[in-house]
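Asker: One structure, as structure tokens, below. Some questions next.
The values are calculated or read from the model by the stated rules, or taken from the named source; none is laboratory data. What you are looking at is a predicted structure, and each value in this text was computed from that prediction instead of being measured. Here the Cβ positions follow ideal geometry from the backbone for every residue, glycine too, while neighbour counts run over all protein chains shown.
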Amino acid sequence: MSTKVVDRAPLTFYERTYLPAILGGLKVTAKHFADTVFKGNSVTMQYPEERWVVPEGYRGAPYLVKDQDGATKCVSCQLCEFVCPPKAIRITPPGADGLTADRKNAEKMPKEFEINMLRCIFCGMCQEVCPEEAIFLQKDYSITGENRESMIFNKEKLLKLGGTHAGIQKWKNKLEEAQAQETFPVDAQ
Amino acid sequence: MEAINYLNPTAQMILFSALKIGVVFGVVMTAVAYAVLVERKVSAWIQNRVGPNRTAPFFINYLPVIGPLLVRLGIFQPAADGLKFLLKEDFTPSYVRKVYFWLAPAITVIPALLTVAVIPFGSNLGSEKMVIADLNVGILYTFGIVSLGVYGIVLAGYGSNSKYPFLGSIRSTAQMISYEIAMGMSVIPIFILTESLNLSDIIRYQAENGWMILKQPLAFVIFLIASFAETNRLPFDLPESESELVGGYHTEYSSMKFALFFLGEYANMIASAAMMVTLFLGGWTLPFIDALNLPASSLLLGLIHIGVFFAKMAFFMIVFIWVRWMLPRFRYDQLMDLGWRRFIPLALANIVVTALVVALFNN
């Protein structure tokens, strides 16, 4: 057991008058004051006018996306609805004789797609589970409304906010392959 | 105006006093509101922030350049704050001792405002002296009244019947007994020199013989530091200490009752600044210029004197605000040590030395 004795020099008389502390405080505060007033070095962000830029991979609000042809990607499989931990998503399927999908070859699209932004916990499971890459957590972080109803985003609003996500167009490719099969040049006999 | 001459002297005195009380009260209240704004702005700048810059009344859109500037400086913030305090719910917890709980805010504010009565804030306008009450025992009155202010804090702590306010008021009591003696003794040399307790006489003496801060620097330093303790400002804000006592004595208060404590604190700052200006910085006088050093001969000069007084007071207010961010809070025992073992001996020595010098050289 060895003890290290730290050598603490006793305060000098000048230090004990408390003057160095006062002068030090004066210097620091004056510097910050001048920095803010004359150089404009303020750390404040004027919030509604200035907003921070969120980093890549930020998990903001989930929105529905369209493909590059402007068609709804969601096929109403309801996987996101089942996986959603806080049960924020509610999908109304089109039914047996409901409306058909925006794009050819895709079987269907939801009649209504609602996300309750008050329930959503921004976990990203809907995005992870989606087989169609139709829902993505985007960068919106300040979602406000004047009442509870306005915080339930419907399909139209989600699609408008979500924008376009260009990706592999699975159903279009399958359609083209099928059409190519039809017109495949059969060897003339 | 002719009608005033037909009144008897007593009626005139009452009329003018009422007028002065009204104006001074209005000015002090406005000054308190804007002192809060200055505090918020200066604090913000020292901490690299912006401070209040949003409050904009509806008519601001009609002022092209000045309007946005005023909004950025937060000029309308005090009005919004005042309105907020008036409209907030005044909540009284069930466990408080109601009488003391209701009494405490009033006991804090009233002494702070009463102190202003004896301060000569200008020479004269016309033939009226610019002081509400030209008492011959002015300074004794001030010390007597100021000591009452602490009862407001003590009662608030006792009446709240809750632990943090109680600790705050205990500290306040300890604080008061440590600095008030030193504060009282620090000004005795001034009376030895001026041979008067009347604040107007003290200003006259300073106009003739130079400011007291040059003759009694030690007394000034003790008085300045004691007035930080007196007004519960950092580094001596022990009764309040937000960081450890959740706001101290006013933890349980809300709405207008809290606003009264706030008002009392700032009114106290203004009163202390006014006392320091009067006792040490020559009050409304400025040396080297006869017109400014002697009682005013015209209305304009009278107004300039009041302006000079306010400028000096504003300087001390800025010092109060600035020091808040310069020094950390003293510990309870450090404050007592400072008061009892440093300032009281120093103040006593100052009295003895001054008395000896006056006795040996003035005859």
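Asker: Can you work out which of the residues in the stretch B:188-246 that are among the hydrophobic types (A, V, I, L, M, F, W, C) and part of a loop (DSSP other than H, G, I, E, B) is farthest from B:S162 (Cα to Cα)?
Answerer: The first filter runs over the stretch B:188-246 and keeps only residues among the hydrophobic types (A, V, I, L, M, F, W, C), leaving B:188, B:190-193, B:197, B:199, B:202-203, B:207, B:211-214, B:218-226, B:228-229, B:234, B:236, B:238, B:245-246.
Filter again for part of a loop (DSSP other than H, G, I, E, B), leaving B:197, B:211, B:234, B:236, B:238, B:246.
Working: B:L197: 42, B:W211: 47, B:L234: 24, B:F236: 22, B:L238: 17, B:V246: 12 Å.
Within the stretch B:188-246, the match that is farthest from B:S162 (Cα to Cα) is B:W211.
Asker: If you scan the stretch A:71-126, which residues turn out to be exposed (fewer than 14 other Cβ atoms within 10 Å of the Cβ), modelled with pLDDT under 90 and hydrophobic (A, V, I, L, M, F, W, C)?
Answerer: The answer is A:A96, A:L99.
Asker: Would you please list the contacts, defined by Cβ atoms under 6 Å and residues six or more apart or on different chains, that run from a residue in the stretch B:43-56 that is more than 7 Å from chain A (Cβ to nearest Cβ) to a residue that is among the basic types (K, R)?
Answerer: Pairs that qualify, where the first residue is more than 7 Å from chain A (Cβ to nearest Cβ) and the partner is among the basic types (K, R), are B:G51/B:R40; B:G51/B:K41; B:P52/B:R40; B:N53/B:R72.
Asker: Further question on the same structure: What helices (runs of 4 or more DSSP H) completely inside the stretch B:292-363 contain at least 1 residues that are more than 14 Å from every other protein chain (Cβ to nearest Cβ) and within 18 Å of B:A274 (Cα to Cα)?
Answerer: B:299-324
Asker: What residue, among those in the stretch B:248-263 that are in a helix (DSSP H, G or I) and hydroxyl-bearing (S, T, Y), is nearest to B:V96 (Cα to Cα)? Give the steps one after another, and end with the answer.
Answerer: First, pick out the residues of the stretch B:248-263 that are in a helix (DSSP H, G or I): B:248-250, B:255-263.
Subset that is hydroxyl-bearing (S, T, Y): B:249, B:255.
Details: B:Y249: 13, B:S255: 16 Å.
This residue is B:Y249.
Asker: Show the residue pairs meeting these rules: Cβ distance below 6 Å; 6+ apart or different chains; first residue within the stretch B:129-152 and under 22 Å from B:D237 (Cα atoms) and free of Cβ contacts under 8 Å to residues at least 40 places away in the same chain; second residue of a type in the set (V, I, T) and surrounded by 19 or more Cβ atoms within 10 Å (Cβ to Cβ).
Answerer: Hits for this filter: B:I145/B:T115.
Asker: With respect to A:G60, determine if the residue is small (G, A, S), more than 14 Å from chain B (Cβ to nearest Cβ) and surrounded by 11 or more Cβ atoms within 10 Å (Cβ to Cβ). Working first, answer last.
Answerer: Details: small (G, A, S): yes; more than 14 Å from chain B (Cβ to nearest Cβ): yes; surrounded by 11 or more Cβ atoms within 10 Å (Cβ to Cβ): yes.
The answer is yes for A:G60.
Asker: Say whether the condition of being over 17 Å from the mean Cα position of the chain (by Cα), assigned to a loop (DSSP other than H, G, I, E, B) and of a type in the set (D, E) is met by at least one residue in the stretch B:90-101.
Answerer: yes
Asker: A further question on this structure: Going through the stretch B:284-325 one residue at a time, which ones are under 16 Å from B:L238 (Cα atoms) and without any contact (Cβ under 8 Å) to a residue 12 or more places away in the chain? Walk me through it before giving the result.
Answerer: So in the stretch B:284-325, the residues under 16 Å from B:L238 (Cα atoms) come out as B:320, B:323-325.
Within the stretch B:284-325, no residue meets the criteria.
Asker: Go through (1) within 14 Å of another protein chain (Cβ to nearest Cβ); (2) surrounded by 14 or more Cβ atoms within 10 Å (Cβ to Cβ) for B:G122 and report which single condition fails.
Answerer: The number of the failed condition is (1).
Asker: Any idea which of A:F136, A:F113 is among the aromatic types (F, W, Y) and within 17 Å of the chain's Cα centre (by Cα)?
Answerer: Of A:F136, A:F113, the one residue that is among the aromatic types (F, W, Y) and within 17 Å of the chain's Cα centre (by Cα) is A:F136.
Asker: Moving on. Conditions: (1) modelled with pLDDT of 85 or more; (2) surrounded by fewer than 24 Cβ atoms within 10 Å (Cβ to Cβ); (3) closer than 17 Å to B:N136 by Cβ. B:I181 meets all but one. Number of the miss?
Answerer: B:I181 satisfies every listed condition except (3).
Table: residues versus (1) surrounded by 10 or more Cβ atoms within 10 Å (Cβ to Cβ); (2) in contact (Cβ under 8 Å) with a residue 12 or more places away in the chain; (3) more than 7 Å from chain B (Cβ to nearest Cβ).
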{"position": "A:Y14", "(1), (2), (3)": "no, no, yes"}
{"position": "A:L19", "(1), (2), (3)": "yes, no, yes"}
{"position": "A:K27", "(1), (2), (3)": "yes, no, yes"}
{"position": "A:F38", "(1), (2), (3)": "no, no, yes"}
{"position": "A:V43", "(1), (2), (3)": "no, no, no"}
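Asker: A:K4 - would you say it is more than 12 Å from chain B (Cβ to nearest Cβ), exposed (fewer than 10 other Cβ atoms within 10 Å of the Cβ) and among the basic types (K, R)? If you could, list the steps in order and put the result at the bottom.
Answerer: On the way: more than 12 Å from chain B (Cβ to nearest Cβ): yes; exposed (fewer than 10 other Cβ atoms within 10 Å of the Cβ): yes; among the basic types (K, R): yes.
The answer is yes for A:K4.
Asker: Shifting gears a bit: Looking for something surrounded by 15 or more Cβ atoms within 10 Å (Cβ to Cβ), assigned to a loop (DSSP other than H, G, I, E, B) and touching a helix residue (DSSP H, G or I) at 6+ places or on another chain (Cβ under 8 Å) - is there at least one such residue anywhere in the stretch A:128-135?
Answerer: yes
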